[in-house]
Amino acid sequence: MPVVHADCHAAPKALPKVVFGTSSLGNLFVELDAATKQELVSEAVNGASGTPVFDSAGKYGAGLALESLGEALKALKVSPADVLISNKLGWKRAPLTTPEPTFEPGAWVNLKHDAVQDISYDGILECYEEGNALLGDYSSQIVSVHDPDEYLEAAKDEADLKKRKQDVLDAYRALIELRDAGKVQSVGVGAKDVTVIDFISDHVKLDWAMFACSVTPYAHVPSTLQKPQLFRCWRS
């Protein structure tokens, strides 16, 4: 998945070639015990070339992945200054009132919480604060809205789509304020639908973009491939 910086002059610290995902820490498809989770985090930290970077989200196990990551890093005595955490925002913990979580049924095992989506100005700030609380001694420095393309695809009609687009832009307004206040290092976007990356980057001064798909001149419109603010600085 290619990652592109939107602004070379304001680019955050260069990322390593490998960023470690954390969905397994949220009991994706199988429940892992705390010792196994700590071992996974330990291998990622010890095997990192430079500063280890972890990618997580409030949706991963309804916050369990963030919680487990923070606990493992603390147990391993990793300094907060020696790790970078990316948090994809847009989902918050909620009481579990059904036999299994209502989001992504069948994917998450033995969770104690549910999760609800809240993509809005206030909602994204709440997700950010909750994520840091779950991380404990650590905080997310790389932030984005989680799957904005899926959020827009769920629109029921044109009026709903217009509202949802504004929700996404309001959420990014909150993230930009966090960046400008020095609370996070960078703000980006990740999506499988490149047209949604185009839409957001047309309205928001992003630091990076992650294309969760292949990008070729055969599959994408010329406007995507020719956007100078996205494609002048490629990172492996």
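List of remarks:
- Whole-Hz ³J(HN,Hα) from phi, Karplus 6.51 cos²θ - 1.76 cosθ + 1.60, for region 81-92, glycine and proline x: 6, 9, 8, 10, 10, 9, 10, 8, 9, x, 10, 10
- Among His113, His146, His203, the sequence by solvent-accessible area, most first, with a 1.4 Å probe is His203, His113, His146.
- Taking 0.36 nm per residue of separation and subtracting the Cα-Cα distance, full extension of the segment from Arg173 to Gln185 would add 2.8 nm.
- Summarising the amide proton neighbourhood of Asp118: residues at separation of 5 or more, or on other chains, whose placed amide H is nearer than 5 Å comprise Trp91, Lys92.
- Asp149, Asp170, reordered so the largest accessible area comes first (probe 1.4 Å): Asp170, Asp149
- Neighbours of Gly70 by Cβ distance under 15 Å: Lys/Arg scored +1, Asp/Glu scored -1, total -3.
- Calculated from backbone phi, Karplus (6.51, -1.76, 1.60) coupling profile of region 194-207 in Hz, x at Gly/Pro: 5, 5, 6, 4, 4, 4, 5, 5, 6, 10, 10, 7, 8, 9
- The phi torsions of region 23-29, fed into the Karplus equation with coefficients 6.51, -1.76 and 1.60 and a -60° offset, translate into couplings of 4, 5, 5, x, 6, 6, 6 Hz, rounded to whole numbers, with Gly and Pro shown as x.
- Subtracting the Cα-Cα distance of Thr51 and Gln166 from 0.36 nm times their residue separation leaves 37.9 nm of extension gain.
- R0 of 41 Å, Cβ-Cβ distance Ala75-Asp202: FRET efficiency to nearest 0.05: 0.40
- Of Lys17/Lys162; Lys77/Lys192; Lys37/Lys112; Lys92/Lys156; Lys112/Lys183; Lys37/Lys59, those spanning more than 26 Å from alpha-carbon to alpha-carbon: Lys17/Lys162; Lys77/Lys192; Lys112/Lys183
The values are calculated or read from the model by the stated rules, or taken from the named source; none is laboratory data. As the structure is a computational prediction, the values presented were derived from the model and not from experiment. Note: ideal-geometry Cβ built from the backbone for every residue, glycine included; neighbour counts use all protein chains shown. Ligands, DNA and RNA are excluded from the accessible area calculation, which covers all protein heavy atoms including side chains. Shrake-Rupley method; radii C 1.70, N 1.55, O 1.52, S 1.80 Å.
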